[in-house]
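To start, the structure itself, in structure tokens.
Every number here is computed from the coordinates shown, using simple stated rules; none is lab data. As the structure is a prediction and not an experimental result, all values here were calculated from the model. Here the Cβ is made from the backbone with ideal geometry for all residues, glycine too, and neighbour counts use every protein chain on show.
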Amino acid sequence: MTTRPKRRKDPRAGRAGPRLARAARAARRRAYAPYSRFRVGAAVLARGRVHVGCNIENASYGLTVCAERTAVAAAVAAGARSIEAVAVASGTRPPTPPCGMCLQTLAEFGGPDLPLLLVGAGGARERTTLGELLPRAFTKRFL
């Protein structure tokens, strides 16, 4: 029988969960997704502040930017250099996790214990960590 490693809980991130989920859902409503109609919103907690982002599609598909990365960009533009928690809102059930590029971006600003709250259709929710979704992130230790 395998046991899962114990997760360290960040009390600030836990209390921020509902606030992050609301912010991510609100950002999702502002997504620009005329081609795929797949709207995603994200909220990150950094330095006690919530920063939001939504996906922004482009007719040149490769230029599309994901919600998680726009939320991280907003946090960094506000002076943050680390992230304490993340919420991602999608319209799917089960909720959609961040893509690989977004996971790698989150790894730049948060460690494997970074809490992620995934929110989907019909109130579906999943709590996970960055380390569970990206167990072998490429980090500065490899440089």
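Which condition breaks for residue 84 when tested against (1) surrounded by 20 or more Cβ atoms within 10 Å (Cβ to Cβ); (2) free of Cβ contacts under 8 Å to residues at least 24 places away in the same chain; (3) not polar (S, T, N, Q)?
The failed condition is (2).
Before we move on, is residue 46 touching a residue at least 60 places away in the same chain (Cβ under 8 Å) and touching a helix residue (DSSP H, G or I) at 6+ places or on another chain (Cβ under 6 Å)?
Values: touching a residue at least 60 places away in the same chain (Cβ under 8 Å): yes; touching a helix residue (DSSP H, G or I) at 6+ places or on another chain (Cβ under 6 Å): yes.
Yes: the conditions hold for residue 46.
From the list 126, 132, 108, which one is of a type in the set (Asp, Glu) and in contact with a strand residue (DSSP E or B) (Cβ under 7 Å, 6 or more places away or on another chain)?
Within the list 126, 132, 108, the selection yields 126.
Within the bounds of the range 43-56, is there any residue that is under 11 Å from the mean Cα position of the chain (by Cα) and in a loop (DSSP other than H, G, I, E, B)?
No, because not a single residue in the range 43-56 is under 11 Å from the mean Cα position of the chain (by Cα) and in a loop (DSSP other than H, G, I, E, B).
Conditions tested, residue by residue: (1) assigned to a loop (DSSP other than H, G, I, E, B); (2) touching a Phe, Trp or Tyr at 6+ places or on another chain (Cβ under 6 Å).
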{"position": "68", "(1), (2)": "no, no"}
{"position": "82", "(1), (2)": "yes, yes"}
{"position": "91", "(1), (2)": "yes, no"}
{"position": "95", "(1), (2)": "yes, no"}
{"position": "102", "(1), (2)": "no, no"}
{"position": "108", "(1), (2)": "no, no"}
{"position": "112", "(1), (2)": "yes, no"}
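For residue 131, all conditions in the list (1) without any contact (Cβ under 8 Å) to a residue 24 or more places away in the chain; (2) within 20 Å of residue 37 (Cα to Cα); (3) of a type outside the set (Ser, Thr, Tyr) hold save one; what is the number of the exception?
Tallying (1) without any contact (Cβ under 8 Å) to a residue 24 or more places away in the chain; (2) within 20 Å of residue 37 (Cα to Cα); (3) of a type outside the set (Ser, Thr, Tyr), residue 131 fails exactly one: (2).
Quickly run through the range 129-143 and pick out the residues that are surrounded by 15 or more Cβ atoms within 10 Å (Cβ to Cβ) and of a type in the set (Phe, Trp, Tyr).
none
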